[in-house]
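Reviewing the structure listed below.
The values are calculated or read from the model by the stated rules, or taken from the named source; none is laboratory data. Computed from a predicted structure; not experimentally measured. In this analysis, Cβ positions are derived from the backbone assuming ideal geometry, glycine residues included, and neighbour counts consider all displayed protein chains. For the accessible areas, the whole protein counts, side chains as well, though only heavy atoms, and no ligand, DNA or RNA atoms are used. Shrake-Rupley method; radii C 1.70, N 1.55, O 1.52, S 1.80 Å.
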Amino acid sequence: MRHSILAVALAGCTVATAAQQPETHTTVLHAARIFDVAAGKVLSPGEVLVEGSRIREAGTHVTRPAGAVVIDLGDATLMPGLIDVHTHLFLHPGNEGLQTVEESVPQRTLLAAAAAKADVMAGFTAERDMGTEGAGCADVAVRNAINSGLIPGPRMRVSCNAIDILGGHEDAIGFNPAQQVLSNADYANTADQVVAVMREQRKGGADFTKIYETGPDHLDGNNFTTPYQYTEAQLAAAVAEADRTGSFVGVHCTGEPGASYAAEAGVAAIDHAYDLSPATMKLMREKQIYAVPTFAIMDYFVDHPQRGDGSEDRRQLAYHAAQFKKQMAAGVPFAVGSDVGPFPHGTQARELELMVKFGMPPADVLRADLINGARLLRWADEIGQLKPGFYADVIAVPGNPLDDISVLKKPVFVMKNGEVLRKD
């Protein structure tokens with residue numbers, strides 16, 4: 001008798017468990033075109049079969065299972081969600097130094113949540129946030145809230161604060177020292193201190209480490225200079241610590257000799273990269289270290305000056321564009337990051353537009369953004385392409401991005417993780 005009762009009870013548990021299983025939704029996306037990132041081609045028509053959070057099929061025609069919801073997006077191009085590998089969710093337009101002093105961390109965290117929503121609604125479904133600028137590991141809370149579905153936002157790799165030397169790039173320069181204004185970064189002056197800070201940040205939930213390697217920058221005629229902050233040995237210690245935990249290091253680095261130290265140490269990416277020596281470019285090509293140009297921030301400052309009348313920003317942008325051509329010719333690999341934050345979130349597709357303007361073919365820009373961006377974020381087998389088994393991070397843009405890259409600024413559809421976030 002007891003066996004019978006137990007069998008009934010177990011059967012009841014099985015039925016209850018089955019009833020609690022989330023229903024898998026099947027969706028077919030149809031549009032006039034689909035972008036094949038790896039081939040650099042637009043095919044027609046375009047379809048993607050989405051099952052739950054993953055892509056099951058993608059191409060010009062896919063299976064249409066019974067009961068599948070069909071979304072016809074008309075004269076649009078289906079493509080993977082965009083990737084921005086240099087963002088600042090905790091910054092917004094205005095005086096960067098003052099906002100980090102005047103705004104509390106809770107206030108800045110709420111603004112960061114709004115920024116994450118603006119970015120994903122603009123079609124950026126994955127990002128690397130390059131430092132909270134003084135908000136510690138509050139970015140971990142934003143990332144976790146996105147992952148748990150509490151707020152909309154991109155897939156995030158976060159770093160907590162950046163790491164900086166005393167008196168370095170983000171150390172409240174320009175304020176009265178007697179006021180002891182806090183640094184926007186975490187101090188580390190030696191290799192041992194760098195490793196200790198990295199371990200503290202990892203305990204706080206950081207996915208990777210950002211280090212300030214250069215600054216301030218000076219452009220005298222055609223001579224670009226910027227002091228380094230960490231030696232090659234110190235950066236190598238950071239990279240070794242990151243390797244130990246399966247993480248990686250990205251550096252804010254605009255020029256030499258800091259760039260050569262970073263490349264020799266084996267960082268994952270050199271962000272800004274205004275000026276690279278031939279030897280550094282060769283190392284980056286051999287080691288597949290990504291340059292992340294961040295043109296959009298300087299382009300914004302030309303029209304919205306943070307210093308003077310914007311002429312200095314215009315000179316630096318022109319210099320950087322000329323160096324970018326040399327870097328392409330040298331075979332330097334690129335990823336796409338905008339430095340969004342000091343300019344409005346959700347507008348960073350301008351970065352891809354500028355990379356085309358300064359000489360990179362649209363197909364190569366999109367490969368840099370999607371394939372290289374996914375590799376840099378350590379999601380190469382999960383995002384950045386419309387392939388079976390990849391996450392269903394899909395956007396649709398009007399027109400053909402290979403003909404006019406600016407269509408990326410006007411997405412008409414955004415899906416992340418199989419969930420429709422936007423459908424105009």
With each label point set 7 Å from Cα along the Cα-Cβ vector, what nm distance links K409 and A196? 4.8
When every protein chain stays in place and a 1.4 Å probe is rolled, I289, I173 sorted by accessible area with the largest first are I173, I289
Flagged links, alpha-carbon separation over 24 Å, of K210/K410; K357/K423; K41/K357; K41/K387; K210/K287: K210/K410; K357/K423
Normalised contact order of the stretch 213-322, rounded percent, pairs of Cα under 8 Å and 6 or more residues apart: 20
Express the Stokes-Einstein translational diffusion coefficient of the stretch 216-264 in µm² s⁻¹, to the nearest whole number, given a Kirkwood radius over alpha-carbon pairs, 20 °C and a viscosity of 1.002 mPa s. 182
Remind me, relative contact order of the chain in percent, using alpha carbon pairs under 8 angstrom and six or more residues apart? 19
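How long are the semi-axes of the ellipsoid equivalent to the stretch 247-298, from square roots of 5 times the Cα gyration tensor eigenvalues, in whole Å, largest first?
16, 13, 9
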hull vol. (C-alpha, convex hull) per residue for the stretch 310-383, Å³ -> 104
Once ligands and nucleic acids are excluded and a 1.4 Å probe is used, how much of L29 is accessible, expressed in Å² to the nearest 10? 0
Once phi for every residue in the stretch 388-403 is put through the Karplus expression 6.51 cos²θ - 1.76 cosθ + 1.60 (θ = phi - 60°), the whole-Hz ³J(HN,Hα) values, with Gly and Pro written as x, are x, x, 6, 4, 7, 9, 10, 10, 10, 10, x, x, 10, x, 6, 8
Counting only DSSP beta bridges fully inside the stretch 189-321, the antiparallel percentage to nearest 5 is 25
Candidate cut points under trypsin sites (Lys or Arg not before Pro) in the stretch 262-364, DSSP loop plus at most 11 other Cβ atoms within 10 Å of their own Cβ, are R307
Restricting things to Cα coordinates, could you compute the convex hull volume per residue of the stretch 266-411 in Å³? 120
In square angstrom, rounded to the nearest 10, how much accessible surface does L219 have for a 1.4 Å probe? 20
Of all the accessible heavy-atom surface of the stretch 230-322, with the other protein chains kept in place and a 1.4 Å probe, what percent is carbon and sulfur? 54
Along the stretch 95-109, what does the Karplus equation 6.51 cos²θ - 1.76 cosθ + 1.60 (θ = phi - 60°) give for ³J(HN,Hα), rounded to whole Hz, x for Gly and Pro? 5, 4, x, 6, 5, 6, 8, 7, 9, 6, 4, x, 5, 5, 5
Reduced to Cα centres, the span from the stretch 170-246 to the stretch 296-324 in Å works out to 24
In Å², rounded to a whole number, the accessible area per residue of the chain with probe 1.4 Å is 42
How far, in degrees from 0 to 90, does helix 278-287 lean away from the longest principal axis of the Cα atoms of the chain, to the nearest 10? 20
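If you restrict to DSSP beta bridges whose two residues both lie in the stretch 96-230, what percentage is antiparallel, to the nearest 5?
If we restrict to bridges inside the stretch 96-230, about 35 percent are antiparallel.
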Compute the long axis of helix 232-244 from its Cα atoms, compare it with the longest principal axis of the Cα atoms of the chain, and write down the angle in degrees, 0 to 90, nearest 10. 10
About the Cα centre of the chain, what is the dipole size in debye to 20, counting +1 per Lys and Arg Cβ and -1 per Asp and Glu Cβ, all else neutral? 1340
Taking the Cα centroid of the stretch 360-413 and of the stretch 267-282, what is the distance between the two, rounded to the nearest whole Å? 24
Using only the Cα atoms of the chain, what are the Rg and Dmax in Å? 23.0, 94
Considering only the stretch 19-78, what is the antiparallel percent among its DSSP beta bridges, to the nearest 5? 70
Could you quote the convex hull projected area for the stretch 68-113, Cα atoms only and averaged over all directions, in nm²? 6.2
Looks like the stretch 166-270, by Cα gyration tensor root eigenvalues a ≥ b ≥ c and the a/c under 1.5 rounded cutoff (else prolate when a/b is bigger than b/c, oblate otherwise), is oblate
